[in-house]
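To keep things clear, I will list the structure first and then write my remarks on it.
The values are calculated or read from the model by the stated rules, or taken from the named source; none is laboratory data. Remember, it's a predicted structure, so these values are computed and weren't measured experimentally. Please note: Cβ atoms are built from the backbone with ideal geometry, for glycine as well, and neighbour counts cover all protein chains shown. Calculation scope for accessible area: heavy atoms of the full protein, side chains included, ligands and nucleic acids excluded. Shrake-Rupley method; radii C 1.70, N 1.55, O 1.52, S 1.80 Å.
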Amino acid sequence: LRIDGRRATEIRRISCKPSVLSQADGSAYIEQGNTKCLAAVYGPREPRQKSAILHNRANISVGVSFAPFATSERKKWGKSDKRLLEIASFVKQTFEPVIQTSSFPRSQIDIFLQILQFDGGTVQICINATTMALVDAGIPMNDYVCACTAGVIQQVPILAYDDKLMSQDNPVDLNLIEESSNSPEVTVAILAESGKVTLLQSESRLSLKKLQAVAQLAKAGCREICDVMDKALRKNVKDLFGKMEA
Amino acid sequence: MPVLISPAEREYIINGVDHNIRADGRGRLDYRQIVIETGLIPQASGSARCRLGEGTDVLVGVNVEVGQVDMEGDDEVIRERKSKRGRVICNVECSPIASQQFAGRGAEDFNNELTQTLDRVLNGPQGGLNLEKLCIIPGAECWVVNIDALILDYAGNLLDMVFITTRAALHNTKVPKTIITKTEDGLEFDFSDDMEDAERIEGWENVPIAVTLSKIGSRHIVDATPLEELTVDARLLVAVNKNGKICGVQKGGSGSIEPSLLNEMIQTGGTIGQHVIQKLDEQLEREEKETSKKIVRNESVGKLGFFAAI
């Protein structure tokens, strides 16, 4: 059992809702445990800067911001904070091959993410929120992109590197306390239908033997998250149809 | 958010306002429906979120932390007074998700403007909060109240909503209890981490709210939508507290207002403001009663939070 009472392969409680903002073309709100994120998509529209025009496809720009009260210690985040820029570039990199940008040459798609409360798993929640917001905006994509983290907590002695044992102990969907501990962690983003990996990110030392098992766990977590998001999106469209019929 | 408006649309709005009918059917002095919820952010000392109609959405988090007393001032008297008070620091941020024009550096000027206005009213003589009570050790330590407002969605009337949400968040703010002990080196303090001992911040009920009156044609309206804001010549911000006393007036916009109309607008702002505060306080009380009922019955206090929709 982990600190918050979950089992190793259990993801946090997740709830999400699309179409929450009035001005954005597409928006979504997603809560994974205590991490809360609001995403807004504007586009495709005319680029603000001439330098951003690409002749054969749409330009994607991503911006991430943290609210000052998002962390337990109040902190004002600057606009060009390196960590935020890095997260933004991960999200952009993940979605560039998935969004059908060649359908909208010379235009711009803006994705803005606002983290309202932070309890671990920023990159994964940003990716999940972006997927929902893009679907809500009606921007054509090849597939759903879902992300999840997985880690390794060394509770077994060094000799016992057994595959079975590893899959029992490795936690999925880490929260802030687990992330801050020195154990290695991996973020994986997959395309839901094909199972292909679009993002694999890890900053810690992890042996190759474990990587396979950990990535599999993360993929399973992704599938669960994908189901929840899919349900929420379909429900939203059904509601809209219901209103039109009435 | 629209930045251009056609002359035909402009005429339509001005004529409508003249006949006391606005695009969404409201009268000139009608507010859109306000939904408030407090206590959404567990790690902040206090928080509130307000949604106006189906548009403007403001989230305010208040963090109370220990800091140094502000000892600056030219005058000896002012310095003396300041050394016995706590501090209030305001920060308003327009999130890029609220509108296309807030991306990158687009919101900087606007953020500054909103922050300064909020700061001026809350730190002014009619700010409402009992700053003396927030002082821990005179001349040394005090409570610093950090008010962070985040604008999540924009559909007009931002400043009013920022004030209303700030007031609601301050209602929800609890300051930890301090215990001051006398040692040989002087006074030392400690505060308890137990949230049961924390007391509500004093003076929240005297915090004023702002009513923005917009002059369109020869009439004035309250709670403008983005399109209406584009047709406005001049704007008047009236800060009112719950007793109906005017705590601040600021004119904005490029047009001008005749003195007779100015008086009328201030009076209107005062009455409407008082009415809004009354409604707001009723809603806050109702919410608090329901929350305590749920706690007594051991039910989970589920906040609608960001899923609140009208």
When you scan the stretch B:97-116, how many residues do you find that are within 21 Å of B:C247 (Cα to Cα) and touching a strand residue (DSSP E or B) at 6+ places or on another chain (Cβ under 7 Å)?
2
Test each condition in (1) at the interface with another protein chain (Cβ under 8 Å from one of its Cβ atoms); (2) more than 25 Å from A:V228 (Cβ to Cβ); (3) of a type in the set (D, E, K, R) for A:E46 and report the one that comes out false.
(1)
If a residue counts only when it is free of Cβ contacts under 8 Å to residues at least 60 places away in the same chain and under 23 Å from the mean Cα position of the chain (by Cα), which strands (runs of 3 or more DSSP E) contained entirely in the stretch B:145-261 have at least 3 such residues?
B:209-216, B:234-240, B:246-252
Look at B:G128 and say whether it is in a loop (DSSP other than H, G, I, E, B), more than 30 Å from B:G27 (Cα to Cα), open to solvent by less than 30 Å² (accessible area, probe 1.4 Å) and touching a helix residue (DSSP H, G or I) at 6+ places or on another chain (Cβ under 6 Å).
yes
What are the pairs with Cβ atoms under 6 angstrom where one residue, in the stretch B:100-124, is within 14 Å of chain A (Cβ to nearest Cβ) and the other, located anywhere, is among the hydroxyl-bearing types (S, T, Y) and assigned to a helix (DSSP H, G or I)? Sequence gap at least six, or different chains.
none
Matching residues in the stretch A:67-91 - criterion: being closer than 22 Å to A:T187 by Cα and at the interface with chain B (Cβ under 10 Å from one of its Cβ atoms)
A:A70, A:T71
Could you check, for the stretch A:188-204, whether at least one of its residues is open to solvent by 30 Å² or more (accessible area, probe 1.4 Å), in contact (Cβ under 8 Å) with a residue 60 or more places away in the chain and either in contact with a His (Cβ under 7 Å, 6 or more places away or on another chain) or of a type in the set (A, V, I, L, M, F, W, C) (or both)?
no
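Does the stretch B:55-72 hold any residues that are crowded, with 16+ Cβ neighbours inside 10 Å and either modelled with pLDDT of 85 or more or within 11 Å of chain A (Cβ to nearest Cβ) (or both), and which are they? Let's see the steps before the verdict.
As a first pass, look at the stretch B:55-72 and keep what is crowded, with 16+ Cβ neighbours inside 10 Å: B:55-64, B:67, B:69.
Within the stretch B:55-72, B:G55, B:T56, B:D57, B:V58, B:L59, B:V60, B:G61, B:V62, B:N63, B:V64, B:G67 qualify.
Every residue, every condition in (1) assigned by TED's automatic domain parsing to the domain that holds B:V92; (2) farther than 17 Å from B:R51 by Cβ; (3) in contact with a Phe, Trp or Tyr (Cβ under 9 Å, 6 or more places away or on another chain), yes or no:
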{"position": "B:N123", "(1), (2), (3)": "yes, yes, no"}
{"position": "B:I136", "(1), (2), (3)": "yes, yes, yes"}
{"position": "B:V145", "(1), (2), (3)": "yes, yes, no"}
{"position": "B:A155", "(1), (2), (3)": "yes, no, no"}
{"position": "B:L158", "(1), (2), (3)": "yes, no, yes"}
{"position": "B:M161", "(1), (2), (3)": "yes, no, no"}
{"position": "B:T166", "(1), (2), (3)": "yes, no, no"}
{"position": "B:L170", "(1), (2), (3)": "yes, yes, yes"}
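Are any of the residues in the stretch B:182-192 under 28 Å from B:K251 (Cβ atoms) and surrounded by 15 or more Cβ atoms within 10 Å (Cβ to Cβ)? First the steps, then the outcome.
First pass over the stretch B:182-192, keeping only residues under 28 Å from B:K251 (Cβ atoms): none.
No, because not a single residue in the stretch B:182-192 is under 28 Å from B:K251 (Cβ atoms) and surrounded by 15 or more Cβ atoms within 10 Å (Cβ to Cβ).
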I'd like to check something: does the stretch B:73-90 contain any residue that is within 12 Å of chain A (Cβ to nearest Cβ), open to solvent by less than 50 Å² (accessible area, probe 1.4 Å), closer than 30 Å to A:S80 by Cβ and touching an Asp or Glu at 6+ places or on another chain (Cβ under 7 Å)?
yes
